[in-house]
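**Student:** Structure below; questions to follow.
The values are calculated or read from the model by the stated rules, or taken from the named source; none is laboratory data. Note that this is a predicted model, so its numbers are computed, not measured. A quick note on method: Cβ atoms are made from the backbone with ideal geometry, for glycine too, and the neighbour counts reach across all protein chains shown.
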Amino acid sequence: MPDYQNMTATEAMRHAKDVSGLTAEEIAAAIGTSAAVIRRYLQRGDDYAPGLDRIPDLCRAMHNTVLIQWQQAQLGRTAEGVPPARSRAEVLTAVARVAASLGDVQRRLADSEDGGIDPACARDVRGLMGDVIGDCRAVMAMLQHVAQCADRTECDVLLSVRPKAKRPWWRFW
């Protein structure tokens, strides 16, 4: 899945076009505009983006919701109360928490094997899935400060915290 949170509007538009498999001319014909306008939306370095009223038309024309998903990711950009990860171990621990939450969902569904999924079970599963989603968002927020960097020279890489291997006393070289 693309990292919509760190994409520019132009990159999102280019990705939506690539996913659709359509040409700029086909997209333009579908929404009733010129191909030059679509090409300008796709041009790197040009801060020309479609207006809010054009986005639903573009999504329908390209048969995907990439632009809307990109907008949602932009809204969810700030993670409240989740500090950035300081080490790889913190990220692994958070991912293990996601797996444990998903295990709770599986256990609840396994418990419903005899009686099926009744309304109470469905509510429980939905609540537990909300916990899974919350844990996933926390992991994503922990990694945001690293993900927004273009390469490893712009930010600190999350390393494993390992003690240095000790050499035996009889080895001198």
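**Student:** Do we have ARG60 as in contact (Cβ under 8 Å) with a residue 12 or more places away in the chain and either part of a helix (DSSP H, G or I) or among the hydroxyl-bearing types (Ser, Thr, Tyr) (or both) here? Explain how you work it out, then say what you get.
**Tutor:** Working: in contact (Cβ under 8 Å) with a residue 12 or more places away in the chain: yes; either part of a helix (DSSP H, G or I) or among the hydroxyl-bearing types (Ser, Thr, Tyr) (or both): yes.
The answer is yes for ARG60.
**Student:** Please find, within the stretch 1-30, the residue that is nearest to GLN74 (Cα to Cα) out of those that are in contact (Cβ under 8 Å) with a residue 40 or more places away in the chain and over 16 Å from the mean Cα position of the chain (by Cα).
**Tutor:** If we take residues in the stretch 1-30 being in contact (Cβ under 8 Å) with a residue 40 or more places away in the chain and over 16 Å from the mean Cα position of the chain (by Cα), then MET13 is nearest to GLN74 (Cα to Cα).
**Student:** I'd like to know if the stretch 31-45 contains one or more residues that are in contact with a Leu (Cβ under 9 Å, 6 or more places away or on another chain) and within 13 Å of GLN74 (Cβ to Cβ). Talk me through it step by step, then tell me what you get.
**Tutor:** Step one: list which residues in the stretch 31-45 are in contact with a Leu (Cβ under 9 Å, 6 or more places away or on another chain), which gives 31, 38, 41.
The next check asks that each one be within 13 Å of GLN74 (Cβ to Cβ); those that pass are none.
No - not one qualifying residue is present in the stretch 31-45.
**Student:** Tell me which residues, restricted to the stretch 61-107, are at pLDDT below 85 and under 27 Å from VAL157 (Cβ atoms).
**Tutor:** Correct list: ALA73, GLN74, GLY76, ARG77, THR78, ALA79, GLU80, GLY81, VAL82.
**Student:** Right, here's the next one. Can you tell me which residue among GLY127, GLY115 is touching a Cys at 6+ places or on another chain (Cβ under 8 Å) and exposed (fewer than 14 other Cβ atoms within 10 Å of the Cβ)? Show your work before the answer.
**Tutor:** On the way: GLY127 fails: touching a Cys at 6+ places or on another chain (Cβ under 8 Å).
That would be GLY115, the only listed residue that is touching a Cys at 6+ places or on another chain (Cβ under 8 Å) and exposed (fewer than 14 other Cβ atoms within 10 Å of the Cβ).
**Student:** Here is a further query. Return yes or no: is ALA110 surrounded by fewer than 16 Cβ atoms within 10 Å (Cβ to Cβ), of a type in the set (A, V, I, L, M, F, W, C) and modelled with pLDDT of 90 or more?
**Tutor:** yes
**Student:** Can you name the number of the only condition in (1) under 30 Å from ALA28 (Cα atoms); (2) among the hydroxyl-bearing types (Ser, Thr, Tyr); (3) surrounded by fewer than 16 Cβ atoms within 10 Å (Cβ to Cβ) that THR93 fails?
**Tutor:** If we test THR93 against (1) under 30 Å from ALA28 (Cα atoms); (2) among the hydroxyl-bearing types (Ser, Thr, Tyr); (3) surrounded by fewer than 16 Cβ atoms within 10 Å (Cβ to Cβ), just (1) comes out false.
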